[in-house]
Amino acid sequence: MNIHRPVRDYIQRNLVVFEDDMEWTDDTNIFQLGLVHSLFAMQLLQYIESEFRIVIENEDMDIRHFNSVNQIAAFIANKLDVATQGSQAREG
Amino acid sequence: MSERIQAVKCVVWDLDHTLWDGILLEDREVNLRPGIAGIIRELDERGILQSVASRNEPDDVLHKLRMLEVETYFLYPQIHWEAKSHSIRRIAEQLNIGTDTILFIDDQPFERDEVRSLLPEVDCMPAEAYLELPMHPRIACNPVTAEGSARRAMYIADCKRKEEEAAFQGPADHFLRELQMEFAIFEADASDLQRAEELTVRTNQLNATGIPYSYDELAFYQSDPSHKLYMCELTDKYGSYGKIGLALVDTARPEGWHLKLLLMSCRVISRGVGTIFLNYIMRQAKQHGEQMTADFRLTGRNKQMFVAYRFAGFAGAINDGEEAQRLVNDLSAIQPYPVYVRVVEGRQPFIYESEGRH
């Protein structure tokens, strides 16, 4: 499953972008741009939970998981991995 | 320790045989029950919002409320034939408050039971007890402040903002830019303490600990040299939202500043300014130490605030216990202020002019 693409598109749609040609990469710290508002954090968490069907626990709530597209994708991949292993273990 | 009282934020009135003495559609001539006008004014001065839930014909009712000179007190009146629980839900949504902060007063046991069955958190009061309303503990705990009596006017301004926002073509975020918001942060003085107390009692969602502070406690911290008591005020092109935030910092600890409390009124949630106050305090703290600490308590209602702290870099374990827990921030990354808000230090000269005080 491609994770980077939908996450990147979601962030792009929700930034308060004033210059349409602003450059940012999958490594850019989106919270250091000054282009997201305080509700964005909540929206992003809700988006990740519903889009990728994972649950973000209180202990997952760490800015280091959500700073950039690459970090978010790694976090989601890790969560999905854990979930898959869990269900396989139950099946076995 | 006394149990915490959750303040009522909105009283929802039934009309026939509750607000007035008869049934409008049958009697035509109805009058406010004795003492009601004074009670409505007193609730208003305490900053308690009021609305109406009545199964009736809207045109007749609105006309009557206008004749009785009480129409302006009621926000988002629900006059239709649907269930009262539905009306109460809609009022709570429009005002952006929890249904557990609503008190509903109605003469009919059936209506109170209907509300109770679907919304058990709503405080239901029989109409015959209306004279006791100002003494109700969840009402009397709302102090009379200048801020309180301007609250209704601010909700009306907010209603205008909502209409304009709905009509705005383009992404919602661009609307924020159009608002020309200015966020002023200043240290509280004695005249702010009542509002400060009120904020600790009334604010649930954007509140780091949910712990209320008394006027005397706040007065102590305000004058104590080892504490700083900050407040903030937001204004936009429509006017002021009032003093909407409070923060208490212990500045005397050797390891760095300690943030004991930070809260912000739910009135400004949709404005996306929640983290500015926290960022400002982190900036100040950085001038005084290598790190800062903060008290946080998960209350079941303040997840947004928890996310704000975490995303601002506050680390440390947290559980659902009764006691506040300590989070630590190494201040290595402080987010910039959003570009659509001007942040200013110091009290702004703008004073909100409330209705009827010209």
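Where nothing but the Cβ of Lys and Arg (+1) and of Asp and Glu (-1) is charged, how large is the charge dipole of the range B:242-358 around its Cα centre, in debye to the nearest 20?
Details: 15 positive and 11 negative charges, 77 e Å.
In total the dipole reaches around 360 debye.
Suppose every Lys and Arg Cβ carries +1 and every Asp and Glu Cβ carries -1, with no other charges. What dipole size does chain B come out with about its Cα centre, to the nearest 20 debye? Mind dumping the intermediate values first?
On the way: 40 positive and 56 negative charges, 263 e Å.
Here chain B has a charge dipole of around 1260 debye.
Calculate the mean, over all residues of peptide B:334-347, of how many other protein chain Cβ atoms lie within 10 angstrom of the residue's Cβ.
Mean shielding count: 3.
Between A:GLU59 and B:ILE5, with labels modelled 7 Å along Cα→Cβ, what's the label distance in nm to one decimal, could you check?
4.1
For the range B:278-312 and the range B:102-129, what is the separation of their C-alpha centers, rounded to whole Å?
Centre-to-centre distance over Cα atoms comes out at 39 Å.
Given B:LYS260/B:LYS303; B:LYS9/B:LYS243; B:LYS64/B:LYS162, which pairs have Cα atoms separated by over 21 Å?
Values: B:LYS260/B:LYS303 17 Å; B:LYS9/B:LYS243 17 Å; B:LYS64/B:LYS162 27 Å.
Too far apart for the 21 Å limit: B:LYS64/B:LYS162.
Hey, what number do you get for the protein assembly as shown at 222 nm if only DSSP H runs of n ≥ 4 count, each worth -39500 (n - 2.57), divided across all residues, to the nearest 500?
Working: 16 runs with 168 residues, N = 450.
That calculation yields -11000 deg cm²/dmol at 222 nm.
At 1.4 Å probe size, with no ligands or nucleic acids counted, give the accessible surface of B:GLU255 in Å², nearest ten.
Number for this one is 80 Å².
FRET efficiency for A:ASN70 and B:THR72, Cβ-Cβ distance as r, R0 = 51 Å, nearest 0.05?
Working: r = 55 Å, r/R0 = 1.07.
The calculated FRET efficiency here is 0.40.
Treating the range B:227-358 as a set of equal point scatterers at the Cα positions, no solvent, please give the Debye-formula log₁₀ I(q)/I(0) at q = 0.09, 0.14, 0.20 Å⁻¹.
-0.29, -0.67, -1.25
For the range B:239-319, calculate the relative contact order in percent as a whole number, restricting contacts to Cα pairs under 8 Å that are 6 or more residues apart. Before the final figure, lay out each step's value.
Values: 84 pairs, mean separation 22.7, N = 81.
It rounds to 28 percent for the range B:239-319.
Show B:GLU71, B:GLU187 ordered by accessible area, largest first, where the area counts protein heavy atoms only and the probe is 1.4 Å. Present the calculation step by step, with values, prior to reporting the outcome.
Details: B:GLU71 60, B:GLU187 95 Å².
Ranking B:GLU71, B:GLU187 by accessible area, largest first, yields B:GLU187, B:GLU71.
Averaged over its residues, how many other protein chain Cβ atoms are within 10 Å of peptide B:302-311's Cβ atoms?
Details: counts 0, 4, 4, 0, 2, 11, 4, 2, 10, 13.
What the average comes to for B:302-311 is 5.
Taking the Cβ of A:GLU57 as the centre, find all other residues whose Cβ is under 11 Å away and add up their charges (Lys, Arg: +1; Asp, Glu: -1). Intermediate values should be presented prior to the final figure.
On the way: positive: A:LYS79; negative: A:GLU49, A:GLU59, A:ASP60, A:ASP62.
Net of charged neighbours comes to -3.
Run the 1.4 Å probe and let me know the accessible area of B:VAL268, rounded to the nearest 10 Å².
About 0 Å², rounded to the nearest 10.
From Cα pairs below 8 angstrom and at least 6 apart in sequence, can you work out the relative contact order of chain B, rounded to a whole percent?
Numbers: 633 pairs, mean separation 52.5, N = 358.
Rounded, it is 15 percent for chain B.
Kindly express, to the nearest 10 degrees and within the range 0 to 90, the angle between helix B:193-202's C-alpha long axis and the longest C-alpha principal axis of chain B.
70
For chain B, restrict the atom set to alpha-carbon positions and state the Rg and Dmax in Å.
21.8, 73
With only alpha-carbon atoms counted, please give the Rg and Dmax of the range B:157-278, in Å.
16.0, 53
Using the beta-carbon distance between B:ASP320 and A:LEU80 and R0 = 22 Å, what value does 1/(1 + (r/R0)^6) give for FRET efficiency, to the nearest 0.05? Mind dumping the intermediate values first?
Details: r = 27 Å, r/R0 = 1.22.
The calculated FRET efficiency here is 0.25.
Can you give the angle from 0 to 90° between the axis of helix B:109-118 and the longest principal axis of chain B, with both taken from C-alpha atoms, to the nearest 10?
30
For the pair A and B, how large is the buried accessible area, both sides, in square angstrom to the nearest 100, if the probe is 1.4 Å?
Counting protein atoms only, the buried area is about 2100 Å².
Note the full-extension length gain between B:GLU128 and B:VAL344 as 0.36 nm times their separation in residues minus their Cα-Cα distance, in nm to one decimal. Please report the intermediate quantities before stating the final value.
Numbers: separation 216, 0.36 × 216 = 77.76 nm, distance 5.06 nm.
Between B:GLU128 and B:VAL344, full extension yields 72.7 nm more.
Per the Cauchy relation, a quarter of the hull surface: what is the mean projected area of the convex hull of the alpha carbons in the protein assembly as shown, in nm²?
Values: hull surface 103.7 nm².
With every direction weighted equally, the projected area is 25.9 nm².
Please report the antiparallel percentage of DSSP beta bridges with both residues in chain B, rounded to the nearest 5.
Values: 29 of 53 bridges.
Around 55 percent antiparallel, to the nearest 5.
Compute the helix-to-body angle for B:151-167: its Cα long axis versus the longest principal axis of chain B, expressed 0 to 90° and rounded to tens.
90
Convex hull over the alpha-carbon atoms of the range B:10-107: what's its volume per residue in Å³?
Numbers: hull volume 8.8 nm³, N = 98.
Per-residue hull volume (Cα only) is 90 Å³.
Take the alpha-carbon centre of the range B:207-254, take the same for the range B:1-70, and report the distance between them in whole Å.
Taking the Cα centre of the range B:1-70 as reference, the centre of the range B:207-254 is 34 Å away.
Round to the nearest 0.05 the FRET efficiency obtained for B:ILE23 and B:HIS227 when R0 = 56 Å and r is the Cβ-Cβ distance. It would help to have the intermediate numbers written out before the result.
Numbers: r = 57 Å, r/R0 = 1.02.
Rounded to the nearest 0.05, the efficiency is 0.45.
Run the 1.4 Å probe and let me know the accessible area of B:GLU323, rounded to the nearest 10 Å².
140
Taking the DSSP beta bridges in the protein assembly as shown as the whole, what percent of them are antiparallel, to the nearest 5? Before the final figure, lay out each step's value.
Details: 29 of 53 bridges.
That works out to approximately 55 percent antiparallel.
Using the Cα atoms as the points, what is the convex hull volume per residue of the range B:176-228 in Å³? Present the calculation step by step, with values, prior to reporting the outcome.
Working: hull volume 6.3 nm³, N = 53.
Hull volume normalised by residue count: 119 Å³.
Shielding of B:314-322 by partners, i.e. mean partner chain Cβ atoms within 10 Å per residue? Intermediate results must be reported in sequence, preceding the final value.
Values: counts 3, 4, 0, 2, 3, 2, 1, 0, 0.
What the average comes to for B:314-322 is 2.
The values are calculated or read from the model by the stated rules, or taken from the named source; none is laboratory data. Everything numeric here is computed off the predicted structure, so don't read it as measured data. Quick reminder, even Gly has a Cβ in these numbers, built from the backbone with ideal geometry, and neighbours come from all protein chains shown. Accessible surface is based on the protein model in full, side chains and every heavy atom, while ligands, DNA and RNA are left aside. Shrake-Rupley method; radii C 1.70, N 1.55, O 1.52, S 1.80 Å.
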